[in-house]
1. Scan the range 72-88 for residues that are surrounded by fewer than 18 Cβ atoms within 10 Å (Cβ to Cβ) and more than 20 Å from residue 330 (Cα to Cα) and jot them down.
2. Being within 16 Å of the ligand (Cβ to nearest atom) and under 30 Å from residue 7 (Cα atoms): is that true of residue 169 here?
3. Does residue 437 count as more than 16 Å from the ligand (Cβ to nearest atom), out of contact with any strand residue (DSSP E or B) (no Cβ under 7 Å at 6 or more places or on another chain) and more than 28 Å from residue 323 (Cβ to Cβ)?
4. So which residues in the range 216-240 are part of a loop (DSSP other than H, G, I, E, B) and closer than 19 Å to residue 23 by Cβ?
5. Would you check if there is a residue in the range 416-439 being part of a loop (DSSP other than H, G, I, E, B) and at pLDDT 85 or above?
6. Please indicate, with yes or no, whether at least one residue in the range 108-115 is over 29 Å from residue 237 (Cβ atoms) and more than 23 Å from the chain's Cα centre (by Cα).
7. Determine which member of the set 44, 30 is in contact with a helix residue (DSSP H, G or I) (Cβ under 6 Å, 6 or more places away or on another chain) and closer than 30 Å to residue 247 by Cα.
8. For residue 433, only one of the following conditions fails: (1) without any contact (Cβ under 8 Å) to a residue 12 or more places away in the chain; (2) more than 20 Å from residue 229 (Cα to Cα). What is its number?
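The values are calculated or read from the model by the stated rules, or taken from the named source; none is laboratory data. Nothing here was measured: the structure is a model prediction, and the numbers come from that model. Every residue, glycine as well, gets a Cβ built from its backbone with ideal geometry; the counts of neighbours run over all protein chains shown.
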Ligand code: PHE
């Protein structure tokens with residue numbers, strides 16, 4: 001049962017808030033750095049625009065037509081195999097809450113860095129590196145404290161529901177985030193390093209594009225626009241009637257890509273300007289960047305504070321969208337109150353998040369590592385690289401084959417016009433084939 005609905009603007013900002021997250025500002029620059037820039041960016045852009053945008057409309061449609069939580073929306077809409085399709089929704093709900101286990105820990109690091117930015121920044125990359133790895137490996141209490149704060153903030157928003165919590169949060173934080181990112185970008189434009197940053201991001205060096213980079217780029221394209229797990233689906237179940245899904249998808253994908261590119265260009269400009277390394281891995285924004293901000297003097301402190309605040313905003317608006325599918329599921333399925341559902345979902349990612357957190361520390365990394373990765377990295381890998389693309393594939397197949405074309409067409413004909421057939425073709429053939437290739441590659445069956 002749904003009473004509260006998003007306003008139109010509220011929905012756009014909430015969906016964009018979900019999409020624009022740590023993926024854009026933390027992950028995108030460092031994986032671009034690791035995989036050598038231009039060619040990687042190009043694959044990512046093509047995937048987002050062709051496959052991401054196509055499946056985004058399908059995912060919105062499932063929620064918009066189903067009007068229920070992710071699992072039940074699949075079930076009601078499926079003409080046959082209802083129980084099997086329900087599982088697709090369930091998988092998404094679990095993917096979201098699992099992503100939250102490490103996502104909340106990373107939000108915790110960011111909150112900690114806001115505090116750091118008010119004091120003295122590390123004066124060199126070496127110093128910044130040891131500060132970061134010290135927090136990661138030895139700082140159990142610090143990380144626990146900030147992970148707890150993150151959990152409390154996220155749960156507090158979810159308890160207030162779609163309108164009073166999620167919509168309000170996004171109406172306030174998203175414009176501020178866009179303002180901060182654009183201000184920093186315009187400053188970066190005035191620096192000499194900008195040209196190098198532009199070259200790095202937009203001049204493709206195809207020799208760097210191995211199959212690993214390809215799979216990462218496709219996986220990231222899903223992660224960054226929040227596809228494949230039901231976040232967008234769950235929000236869409238609270239859309240007002242007669243919404244224009246095509247336009248909404250376009251705005252969300254456009255904003256997400258725009259902010260990733262602005263953030264990437266800004267970061268790389270700063271890094272080049274002060275001679276730091278772009279290929280620093282996950283520590284990029286926590287290591288190279290603070291050292292660069294130090295070089296900028298007082299302005300650097302202001303930038304550091306603004307930057308980490310923007311990052312925290314981006315993280316929080318995505319975090320609520322990652323948890324909401326589980327919350328909505330608990331409300332729909334078991335008739336639990338919103339308060340009880342939000343607290344239970346929150347506690348789940350909080351407690352499992354502690355295991356993720358500990359798995360990075362010296363004291364516990366050994367017990368919490370399995371094979372080549374620790375718990376934290378496994379969860380990231382299994383959710384982002386496997387569950388999201390797989391979830392996206394199921395959504396494409398569901399709307400492309402299981403739901404009758406007439407029903408799909410009726411919902412989209414006004415907003416798409418003649419474009420419908422092209423979209424439907426992309427959904428039925430291009431997106432699934434591309435995704436199957438990526439997954440076979442992941443499983444090691446196919447390599448190129
Ligand atoms: N899109 C978010 C980011 O870029 C992460 C996310 C993935 C959120 C899937 C919701 C669903 O950080």
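1. Within the range 72-88, 79, 80, 81 qualify.
2. Against the criterion (within 16 Å of the ligand (Cβ to nearest atom) and under 30 Å from residue 7 (Cα atoms)), residue 169 qualifies.
3. Taking the combined requirement at face value, the residue satisfies it.
4. 225, 226, 227, 228, 229, 230 - these are the residues of the range 216-240 that are part of a loop (DSSP other than H, G, I, E, B) and closer than 19 Å to residue 23 by Cβ.
5. Checked the range 416-439: at least one residue is part of a loop (DSSP other than H, G, I, E, B) and at pLDDT 85 or above.
6. Checked against the condition, which is being over 29 Å from residue 237 (Cβ atoms) and more than 23 Å from the chain's Cα centre (by Cα), the range 108-115 yields at least one hit.
7. Within the list 44, 30, the selection yields 44.
8. Just one mismatch for residue 433, condition (2).
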